[in-house]
Structures are given as C-alpha cells and as structure tokens.
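The values are calculated or read from the model by the stated rules, or taken from the named source; none is laboratory data. Fair warning: this is a prediction, and the values are worked out from it, not measured in the lab. Cβ: placed from backbone, ideal geometry, glycine included. Neighbour counts: every protein chain shown. Surface areas here come from the heavy atoms of the whole protein model, side chains and all, with no ligands, DNA or RNA. Shrake-Rupley method; radii C 1.70, N 1.55, O 1.52, S 1.80 Å.
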Amino acid sequence: MKMAFVVHNEYFSSRVMQLLKDAGIDYYTRWDHATGKGHGTEPHIGSGTYASTNAVLMIAFREDAPLEKLIALITEANQGIARADDRIRLFQVPLEHLV
C-alpha cells in the first residue's frame, strides 16, 4: 500500500480534481489554504507579495494501478504548465497500515 500527497497551487484545483476523476480516484482527504515553500519555488503564504495558497490532497492506495495512472496524468498536465513553480507535485510514501 502507498500514500500520495498531491500539492498544488489552489488556482489549479479544478484541473487536479479532473485528473483524479480521469484516474478513477474518488477518495481523498483535502486541505485547502495550505501555506509553505518548496525547494526552489516561491512561497505560498496567503498574504502580501505571495498571496497564493496551496491545496493538499492525501490519497491512500491499496493497489498500484490508480497511483501509476495519476502519476502519468500529473506528468502530462505539468508539461502544459509554463512556470515550474506552478507545477503539480506528488509525494509518494509507503503506507504500512490502513484501518
């Protein structure tokens, strides 16, 4: 089992939700208005010069196929996003237990 965290600028929320739908994923936990700064990216702190915020999706996968499909769809979508700072990020970690 695996866990994925999908982090993206809230501007792209509708696009990310369509990617989940296209991958056949209808299960997730979502946090809106997340703030922070990634490696080599501009801050997203919700005020001042950096007024944008991120959304974070946490998705637990029992099978690899939907995760692999989502990774492929995000990779494809990122090719159409001009600024590297705005690209959709996916962080994958092992999931030991799901109760």
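The charge dipole of the chain, taken about its Cα centre with unit charges on the Cβ of Lys, Arg, Asp and Glu (plus for the first two, minus for the last two), comes to roughly 100 debye. Just the protein heavy atoms count here, and of the accessible area of segment 1-77 at 1.4 Å, carbon and sulfur take up 52 percent. Where does the charge balance sit around SER52 when Lys and Arg score +1, Asp and Glu -1, over other residues with C-beta under 13 Å from its C-beta? Counting the neighbours of SER52, the net charge comes to -3.
By the rule of a C-alpha distance below 26 Å, with chain neighbours fewer than 8 residues away ignored, the lysines paired with LYS37 are LYS2. Per residue, the accessible area of the chain comes to 63 Å² when a 1.4 Å probe rolls over the protein heavy atoms.
Which whole-number percentage describes the relative contact order of the chain, with Cα contacts under 8 Å and a sequence gap of 6 or more?
On the way: 153 pairs, mean separation 44.1, N = 99.
It rounds to 45 percent for the chain.
Pairwise alpha-carbon distances in the chain exceed 16 Å for 56% of all pairs. For the chain, GluC sites (Glu not before Pro) meeting the loop criterion (DSSP other than H, G, I, E, B) and having at most 13 other Cβ atoms within 10 Å: GLU63, GLU96.
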